[in-house]
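Below is one structure, written out as structure tokens; the observations come after it.
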Amino acid sequence: MRFSQPLFNRYLVPVGLCLCVLLSVTARPVLAQPAAATPTAPPVPEGLSTVSFFSPAVNRQMKFDIVLPADYSTTDKRYPVIYLLHGFMQNYTVWGRNLAAAFYARELGDLIVVMPDAGNSWYINWAQNNNGQLNNWEDHLIKDLIPYVDAQYRTESSRAGRSIAGLSMGGYGAFMLALRHPDLFVSMASTSGALAHARNRATAIAAGAPMPRPRSTSESEQMAQADAFISTIIDIPGFSKQDDRHPDGIDFLTVEQAQAHDPFHIIYNVPKTRLPHIYIDSGMEDDLINTALEFMQILLINDVPFEFKQAPGRHNSEYWRRSVGHFMASQSEVMQRALGNRP
């Protein structure tokens, strides 16, 4: 069955690009001391490890965090996998060490959680690369990371055993990748997702507007101290500071290229019977909730099953620490049922 184009509610207007900034720590002044307290890295949760591997798609040595089940070393079982995508100006360490994903992975038990890094790429293959860079970030995940994980770990390597989720930029990335590769993922989840990113870029390209700068000068100045600290945690050669993590090039050269990566556009290309399970949530004080509601309207009009959750909260870590447990539990259950492990 094919989709019907919705008549959008006039109150559900597209919102602009929201840049998600999450600092691992914030230095706080201490009384009777002239200097700010020295930031410290968050502890590495139990069961979490960091893996380095070479990705031909981006011609870089890359890293990802992974959480294995507590019984992984004592059994020969295979486990479903959730891939968690970080937000803009975040990195592979955010989900597991700052946002409680490692805790919920161990609580849920029978699954592997993989947290990759894609810089500020929006998880796409960039249309134009400058200064010898190779920025095929969709291929980095689809062609390099997933096959690597399936080869190195006892995964359920079928569609039924694989889900993808993300926050903000990562929410866009999760929906975009799952809809472009529906045979790879049984579930897709977005929390505070910037789902209209490619649509906004298509509108800007059609209007002849220049590509937006990755961040303003004032933001760069504010990030300088944190950047120096966080780069030591990321520790990817040539890819640890924000100036290095933003691709040098152009994401989309044409409207058609942007539309080919727009969840609002490409969902119509996937037969309803092949759509992944869909989970969407957003904080009620987050401007991006309008985008989530607009996407939900498409699903309602076309009789597509989905899960939607809204709760008090903003576009920040406090909200994501609460949302992660909900969507991970939902995706875990979807995979277990797809694998035939539920009555």
Can you tell me which residues in the range 108-123 are part of a loop (DSSP other than H, G, I, E, B) and either within 30 Å of PRO212 (Cα to Cα) or within 13 Å of the chain's Cα centre (by Cα) (or both)? PRO116, ASP117, ALA118, GLY119, ASN120, SER121, TRP122, TYR123
List, please: which pairs have Cβ atoms under 9 Å, are six or more places apart or on different chains, and start with a residue in the range 67-80 that is surrounded by fewer than 10 Cβ atoms within 10 Å (Cβ to Cβ) and end with one that is in a loop (DSSP other than H, G, I, E, B)? ASP76/ARG154
Return the only residue of PHE252, PHE239 being under 21 Å from ASN91 (Cα atoms) and at pLDDT 85 or above. PHE239
Residue check, LEU293 closer than 15 Å to ALA196 by Cα, of a type in the set (A, V, I, L, M) and surrounded by 21 or more Cβ atoms within 10 Å (Cβ to Cβ): no
Identify all residues within the range 35-69 that are at pLDDT below 95 and aliphatic (A, V, I, L, M); write none if there are none. ALA35, ALA36, ALA37, ALA41, VAL44
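Residues are listed down the side, and each one gets a yes or a no for (1) under 29 Å from GLU318 (Cα atoms); (2) at pLDDT below 95; (3) touching a strand residue (DSSP E or B) at 6+ places or on another chain (Cβ under 9 Å):
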position	(1), (2), (3)
ARG162	yes, no, yes
ALA165	yes, no, yes
GLY171	yes, no, yes
LEU179	yes, no, yes
LEU184	no, no, yes
ALA196	yes, no, no
ARG199	yes, no, no
THR203	no, no, no
List pairs: first in the range 263-289 and without any contact (Cβ under 8 Å) to a residue 40 or more places away in the chain, second of a type in the set (S, T, N, Q), Cβ under 7 Å, 6+ apart or cross-chain? MET284/GLN310; ILE289/SER282; ILE289/GLN310
Take ILE230 and decide whether it is under 24 Å from ALA209 (Cβ atoms), more than 17 Å from the chain's Cα centre (by Cα), of a type in the set (A, V, I, L, M) and part of a helix (DSSP H, G or I). no
Candidate set from the range 244-269 (those that are more than 20 Å from the chain's Cα centre (by Cα) and among the charged types (D, E, K, R)); member that is surrounded by the most Cβ atoms within 10 Å (Cβ to Cβ): ASP248
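Residue-by-condition table, conditions (1) of a type outside the set (Lys, Arg); (2) in contact with an Asp or Glu (Cβ under 8 Å, 6 or more places away or on another chain); (3) buried (at least 24 other Cβ atoms within 10 Å of the Cβ); (4) not in a strand (DSSP E or B):
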| position | (1), (2), (3), (4) |
| --- | --- |
| SER52 | yes, no, no, no |
| ALA57 | yes, yes, no, yes |
| TYR83 | yes, no, yes, no |
| TRP95 | yes, yes, yes, yes |
| ARG106 | no, yes, no, yes |
Give all pairs with beta carbons closer than 6 Å in which a residue from the range 195-214 that is charged (D, E, K, R) meets a residue that is outside any loop (DSSP other than H, G, I, E, B); count only pairs at least 6 apart in sequence or on separate chains. ARG199/PHE264; ARG201/ALA258
Would you be able to say whether some residue in the range 211-229 is of a type in the set (Asp, Glu), out of contact with any strand residue (DSSP E or B) (no Cβ under 8 Å at 6 or more places or on another chain), at pLDDT 95 or above and surrounded by fewer than 17 Cβ atoms within 10 Å (Cβ to Cβ)? no
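The values are calculated or read from the model by the stated rules, or taken from the named source; none is laboratory data. Just so you know, these numbers come straight off a predicted model, no measurement behind them. Cβ atoms come from the backbone with ideal geometry, glycine included; neighbour counts cover every protein chain shown.
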